[in-house]
């Protein structure tokens, strides 16, 4: 389903959405302690990656000028503002915008209409909740490790206030080593493929060749070992079934990792 076009996606998931909507209108009555209790059904669609959210909410593909699935910002606006953001998009609003896109009630040109609906181009058919998905866990963690690798190469803990030139030289050394050992080309912004290749024991061994002290090299190896033990837990759909051993050790590993 994840790689399907919009028509296939709606055909496959349409019956599920219809059943969910019917269940949301119904009540479940259970007898608890001799008293009848009424329950309602709520469904929260979370953890979808960007491509899936765009499909389900009827948004243009990821190359769109409207770069965000959570707000109306354009690519140029986002490049000017990298800090202050708020969630303004919603499923109901996307539905309203689709109707405007479909009917064009103000007889606007294509460009004017597209600007009015902010990138909605198909009918949204399933509500998604904005949460951190597994992909962005990978990206966030890899971004932090990328900084740690640079700091360890430059022995930042021995320096009071390293200059920008020093930090740039550490990054250059890291990029050169990763390209040489792992064929990882430098990227302007961390992405999923780069993150997955960076967060491996092989990558740590490559970085350790540039880290001067054995003690710091061992600490880096241990960090990555713990990370790789914890990762299956948040990547799994049902950790208790798919990776019970890692789930049991997760709390202990996360404390050691911290």
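Please treat every number below as a calculation from the coordinates, not as lab data. Quantities reported herein were computed from a predicted structural model and do not represent experimental measurements. All Cβ positions, even for glycine, are placed from backbone atoms using ideal geometry, and neighbour counts span all protein chains on display.
How far is helix 214-235 tilted, in degrees, relative to the longest principal axis of the Cα atoms in the chain, given as a value from 0 to 90 rounded to the nearest 10? Once rounded, the angle reads 20 degrees.
This ranking places 123, 241 by how few other beta-carbon atoms lie within 10 Å of each, fewest first, which gives 241, 123. Taking 0.36 nm per residue of sequence separation and removing the Cα-Cα distance, the residue 257/residue 209 pair yields an extension gain of 15.1 nm. Ranked from largest, the principal axis spans of the Cα set of the stretch 20-163 equal 66, 61, 22 Å.
Taking only Cα atoms, what is the 0 to 90° angle, nearest 10, from helix 91-103's long axis to the longest principal axis of the chain? Approximately 60 degrees, to the nearest ten.
The alpha carbons of the chain give a radius of gyration and a Dmax of 23.8, 73 Å, in that order. Helix 6-24 axis versus longest C-alpha principal axis of the chain: approximately 70°, rounded to the nearest ten. Label point of residue 181 set 7 angstrom out along Cα-Cβ; within the stretch 198-229, amide nitrogens under 12 Å from it belong to 198-212, 217-218, 220-221.
By the equivalent-ellipsoid construction on the alpha carbon gyration tensor, the stretch 45-111 comes out with semi-axes of 21, 17, 11 Å, ordered largest to smallest. Name all residues of the stretch 164-182 having a backbone nitrogen under 13 Å from the label point set 7 Å from the Cα of residue 202 along its Cα→Cβ direction, giving them as ranges. Only 178-182 pass the distance filter. Here the sum of -39500 (n - 2.57) over DSSP H runs of 4 or more residues, divided by the residues of the chain, equals -18000 deg cm²/dmol at 222 nm, to the nearest 500. Kirkwood hydrodynamic radius of the stretch 134-257, from the reciprocal of the average inverse Cα-Cα distance over all distinct pairs: 15.4 Å. By the count of neighbouring beta-carbon atoms within 10 Å, fewest first, 188, 56, 23 end up ordered 188, 23, 56. The ranking of 71, 243, 238 from fewest to most other beta carbons within 10 Å of each one's beta carbon is 238, 71, 243.
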